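A short write-up of the structure that comes next.
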Amino acid sequence: MPDDAHLTEMTERPKLEILLCSPRGFCAGVDRAIQIVELALTKFGAPVYVRHEIVHNKYVVDGLKAKGAIFVEELEEIPQTDAPVVFSAHGVPKSVPSEARHRNMFYLDATCPLVSKVHVEAQKHFANGEEVVLIGHRGHPEVVGTMGQLPEGAISLIETVADARTYVPKDPARLALVTQTTLSVDDTADIVGVLKERFPTISSPHKEDICYATTNRQEAVKQVAPLVDAMIVVGAPNSSNSMRLVEVAERSGCPIAKLVQRASEIDWSVFSGIQSLGITAGASAPETLVSEIIDAFGERFDISVSLHVTASEDIAFNLPRELRDPAGQAVGA
């Protein structure tokens, strides 16, 4: 029998309604990238080298390290080896596979196919003699990779509406537009609007390059944020799509929106007095971390959890042929 103090503690826990956003968490590109490292470890054994974090999540990276993955920032950190080298989901400049071939490295490209699509678009525009404008965040690995598909100076980076207003092309009649895949849908629409107003003939994708997962996760947050007292985005501070979800929650009217990597990071003083909480996760955050955070709230609140579904996702991307058996199945599947 529980003692009186325990019963009092149970009855005094404040009620908390948790609205769980769906879709959330891993997208198809992230899932594929992690599978590539895990299957490479299964097929070839440790070590498997990975250039840059395979996805921006410490929990995922640490888990792969424990299985034998070694993470580096540049290929020059890798000794002469027959071990596989994996390029991260964010994509790499052309110089990286070129260097790998020069060193006779066996490499596996885990670039998200939707990022590769942007690379191809940029190359086509350049081949057509167009000046390419890239909307994105300076220094982000995906932007570095996309800009690195073309010669120095062939792509102009635009980060803000102010940049779009002051940008001066070489030839306004020969312009093309591509975007980073993990941007704010609304911010990007504002920048594109300015560019199209200034340069009506600018070539652009039928749909901006922001990926389906980024769009879906932002839309779910837009719908849930006005309904709750606070919102938690499970994700990493260097994850672009996770940071955008925090911004979307704030702009959609949520009084408190916080990025949290693990339950141990939660500042409980911020959430005292709330009666409703929205939870989502960036595209590189595993579901186990969402469950961990829900459990942490369950220890302090009398929680009820409901799912708020705004879209369904059934997209999957093929693995590299080196990791498929002759029947097309993943190695070890």
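The values are calculated or read from the model by the stated rules, or taken from the named source; none is laboratory data. It should be emphasised that the depicted structure is a prediction, and the values quoted were computed from it without experimental measurement. Backbone-built Cβ (ideal geometry, glycine too); neighbour counts: all protein chains shown.
Could you list, in sequence order, all residues of the stretch 104-118 that are closer than 30 Å to residue 80 by Cβ and either in contact with a strand residue (DSSP E or B) (Cβ under 9 Å, 6 or more places away or on another chain) or touching a residue at least 40 places away in the same chain (Cβ under 8 Å) (or both)? Matches in the stretch 104-118: 105, 106, 107, 108, 109, 110, 111, 112, 115, 116. Here is a list of conditions, (1) more than 30 Å from residue 132 (Cβ to Cβ); (2) assigned to a loop (DSSP other than H, G, I, E, B), and residue 270 meets all of them except one; can you say which number that is? Looking at each condition in turn, residue 270 falls short on (2). Go through (1) without any contact (Cβ under 8 Å) to a residue 24 or more places away in the chain; (2) on the phi > 0 side of the Ramachandran plot; (3) assigned by TED's automatic domain parsing to the domain that holds residue 56 for residue 139 and report which single condition fails. Among (1) without any contact (Cβ under 8 Å) to a residue 24 or more places away in the chain; (2) on the phi > 0 side of the Ramachandran plot; (3) assigned by TED's automatic domain parsing to the domain that holds residue 56, residue 139 violates only (3). Of the residues contained in the stretch 180-201, none is found to be in a strand (DSSP E or B) and outside the structural domain of residue 73 (by TED's automatic domain parsing).
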